[in-house]
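Here the structure is laid out as structure tokens; the discussion comes afterwards.
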Ligand code: FES
Ligand code: FES
């Protein structure tokens, strides 16, 4: 017979004994309004809910995908006030009053966004899981190029949409991982939109 008490002062006979679970911490919900794809959406969420979970689980906008949930894959990319962001890395309450664009909001008046069209025409996806994030990222990336923002591939050059190289496209899209390896066609799709815009400016 073992008369030694169990470690930590716990005792039990036959079945494992556990300490009492800690009482669940109640975190009061906060009410916030997000302007999502042009519509105000008011919701009540705990402060620890990510923007990604708010979109998917509270608002049913499942176009935005959860891949890694830790900022490494880009599947959750959305636009916040026009800037691309990993929605798994930010809390919904931090964006009260801000403009959120998800992949569901890119098409206008029934017409796909040119980047969406280019992804279709260039066959820039296989399983499609990364695609909403890729497309949102590309939309913002093209605006960054248009605004002349440098990248590590083109850090000093005066960036113009016409001067961007495929290496630069790859660098600027490097935050979006594709498990299927559709990268060549993704670059081709982005290139197609750049060329279309260049041709439109010339005509
Ligand atoms: S799910 Fe957000 S970066 Fe992977
Ligand atoms: S198309 Fe499958 S992960 Fe990119």
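Every read-out reported here was derived from the displayed coordinates using simple, explicitly stated rules and does not represent laboratory data. Quick caveat: nothing in here was measured; it's all calculated off a predicted structure. Neighbour counts run over all protein chains shown; Cβ positions are idealised from the backbone, glycine included.
In the range 74-120, what residues are without any contact (Cβ under 8 Å) to a residue 40 or more places away in the chain and within 16 Å of residue 140 (Cβ to Cβ)?
Within the range 74-120, 80, 81, 85, 87, 89, 106, 113, 116 qualify.
Which one is surrounded by the fewest Cβ atoms within 10 Å (Cβ to Cβ) among residues in the range 125-145 that are within 12 Å of ligand 2 (Cβ to nearest atom) and more than 15 Å from residue 77 (Cβ to Cβ)?
Ranking the candidates gives 127 first.
Here is a yes/no grid of residues against (1) surrounded by fewer than 16 Cβ atoms within 10 Å (Cβ to Cβ); (2) closer than 14 Å to residue 189 by Cβ; (3) in contact with a helix residue (DSSP H, G or I) (Cβ under 7 Å, 6 or more places away or on another chain):
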site	(1), (2), (3)
68	yes, no, no
84	no, no, yes
87	no, no, yes
102	no, no, yes
116	no, yes, yes
123	yes, yes, yes
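Check every one of the helices (runs of 4 or more DSSP H) wholly within the range 123-203 and list those with 2 or more residues that are touching a strand residue (DSSP E or B) at 6+ places or on another chain (Cβ under 6 Å).
Values: elements: 131-146, 166-172, 183-202.
Output list reads 131-146.
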